[in-house]
Amino acid sequence: MEKVNVLIIGSGPAGYTAAIYAARAGLTPVVYTGGQPGGQLTTTNDVENFPGYPDGINGPQMMIDLQKQAERFGTKVNYGLVTSVDFSGYPLKVVIDEKDTVLAEAVIVATGASAKYLGIPSEEKFANRGVSACAVCDGYFYRGKEVAVVGAGDSAAEESTYLSKLCTKVHLIVRRDEMRASKIMQQRVLNTPNIEIHWNTETDEILGDESGVTGVRLLDNKTGNKREISVRGFFLAIGHKPNTDIFKGQLTMDEAGYVKVVSGSTRTNVEGVFAVGDVADRVYRQAITAAGSGCMGALDAEKFLAAKEAEVVH
Ligand code: NDP
C-alpha cells in the first residue's frame, strides 16, 4: 500500500497552490488530478482578473504553468480519480480508481465544483449532441450557427460573449428581469449586437431530432406564453455544485454540499484533512481566492504534521 505524506485531491488553482507550498516546505506532496486535470479553468478562455497578468492569461495555459511550478519543487502529479475515502482512522485512507488504497498523513481536499444542469429530460437526451456546459470546449462546433445560453451570472456573460465571436447569433435566456453578472461583463453582453437577451424567460424544452438540437421552446414566466427559437447549440451557465459526493458522511458540509471549515482556517471536522478552494467556498469562487486558500491548506497541513511529529518525539 502506497504511503504519502500530503495527498492533495484535485488539480485546480487551489490544489496546485497547496502543492507548491507543501513541496517547498519539503512535504513531498502527491496530487491526484481527478477527472478534469487542471480543473474549471481549463474550460475558460481568458482570465483577466488574476493579479500579475496585465494582458490576461489563457485558462488552460495557466493550469499547465501551475502544474510545472508544483512539479519543479518535487510534487508528484498522478492522473487518477479518488473514488472513496475512509477518514475514520489514521493514517487517512484514500482509494484511487476504485482499486488502489493510499495511506496519507494529511489530505488536502481541492476537488472544486462542477457545472449544474437544469434537470429537464431533453437536456440529457441531447447531451454532447448540442447540449454543453462549456462554451470554450464546444463552441467551435457551432461556428456560423445560432446558439442559446442559459444563465445570468459572470459565466453566462462570458460564454455568450465568447460564442458571439463564433456564432451568427446568441440567445441569452435570463429567468429574471436582471442579470447577476458583474457590471463590466453585463456591459460587454449589452454592447454585442448579435446577443439577444430574453428576459423573464425559462427553458421549457430543448427541441431536436436525430441530428441533435434544433431549437428551444421558451416560457415567458410573466405571461405564461411559449415560443420557439431555432438554435443548434444549447449552453448551460447556471452555476456549479461542489464535488463532495465522495466525502458524504465523513466531512461536515453545509446544506448545499460545500465542506465546512473552521473559520479563518482550512481545517475540517477530521484531524489532518483540510479543504481548500471552491469545494469549501460558496461565496467568492475565484481562481485567486482558491489559490489563496490552497496556500492556507498547505500551511495548515504543515503545522498539523509538525505537531504530530513533536507528539511522536515526546
Ligand atoms: P452564479 O451562481 O453567479 O450565477 C448562476 C446564474 O444562473 C444566476 O444568474 C442564476 O439566476 C442562473 N440560474 C441558476 N439556476 C437556474 C435555472 N434553473 N434556470 C435559469 N437560470 C438559472 O454562477 P456563475 O457560474 O455565473 O459564476 C460563479 C462564480 O464565478 C461567480 O462568483 C462569478 O463571479 C465567477 N466567475 C468569474 C468569471 C470571470 O471573472 N472571468 C467568469 C465566470 C465566473 P438568478 O440570478 O436568477 O439566481
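Considering segment 76-114, the residues that are touching a strand residue (DSSP E or B) at 6+ places or on another chain (Cβ under 6 Å) and under 29 Å from PHE234 (Cα atoms) include one that is modelled with the lowest pLDDT, namely SER114.
Let's see how each residue does on (1) hydrophobic (A, V, I, L, M, F, W, C); (2) touching a helix residue (DSSP H, G or I) at 6+ places or on another chain (Cβ under 8 Å); (3) farther than 18 Å from PHE126 by Cα:
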site: THR214; (1), (2), (3): no, no, no
site: LYS226; (1), (2), (3): no, no, yes
site: ILE246; (1), (2), (3): yes, no, yes
site: LEU251; (1), (2), (3): yes, no, yes
site: VAL259; (1), (2), (3): yes, yes, yes
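Here is a yes/no grid of residues against (1) open to solvent by 20 Å² or more (accessible area, probe 1.4 Å); (2) assigned to a helix (DSSP H, G or I):
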site: ALA18; (1), (2): no, yes
site: ALA22; (1), (2): no, yes
site: GLY35; (1), (2): yes, no
site: PRO54; (1), (2): yes, no
site: PRO60; (1), (2): yes, yes
site: ILE64; (1), (2): yes, yes
site: LYS68; (1), (2): yes, yes
site: GLY74; (1), (2): yes, no
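Yes or no: ALA256 small (Gly, Ala, Ser) and assigned to a helix (DSSP H, G or I)? Judged against the criteria, ALA256 is not a match. Taking the criterion of being more than 13 Å from THR33 (Cα to Cα), surrounded by 14 or more Cβ atoms within 10 Å (Cβ to Cβ) and small (Gly, Ala, Ser), the residues of segment 85-116 that qualify are ALA104, ALA106, ALA113, SER114, ALA115. If you filter segment 37-51 down to residues that are without any contact (Cβ under 8 Å) to a residue 40 or more places away in the chain and outside any helix (DSSP H, G or I), you find that the one that is most open to solvent (accessible area, probe 1.4 Å) is GLU48. If you take the residues in segment 185-200 that are within 15 Å of the ligand (Cβ to nearest atom) and closer than 22 Å to CYS167 by Cα, which one is surrounded by the fewest Cβ atoms within 10 Å (Cβ to Cβ)? Among those that are within 15 Å of the ligand (Cβ to nearest atom) and closer than 22 Å to CYS167 by Cα, it is GLN187.
Take the conditions (1) on the phi > 0 side of the Ramachandran plot; (2) open to solvent by 30 Å² or more (accessible area, probe 1.4 Å); GLY277 misses just one of them, which is (2).
The values are calculated or read from the model by the stated rules, or taken from the named source; none is laboratory data. Treat the numbers as computed from the prediction; the structure is a model and nothing was measured. In this analysis, Cβ positions are derived from the backbone assuming ideal geometry, glycine residues included, and neighbour counts consider all displayed protein chains. For accessibility, only protein heavy atoms count, side chains too; no ligands or nucleic acids. Shrake-Rupley method; radii C 1.70, N 1.55, O 1.52, S 1.80 Å.
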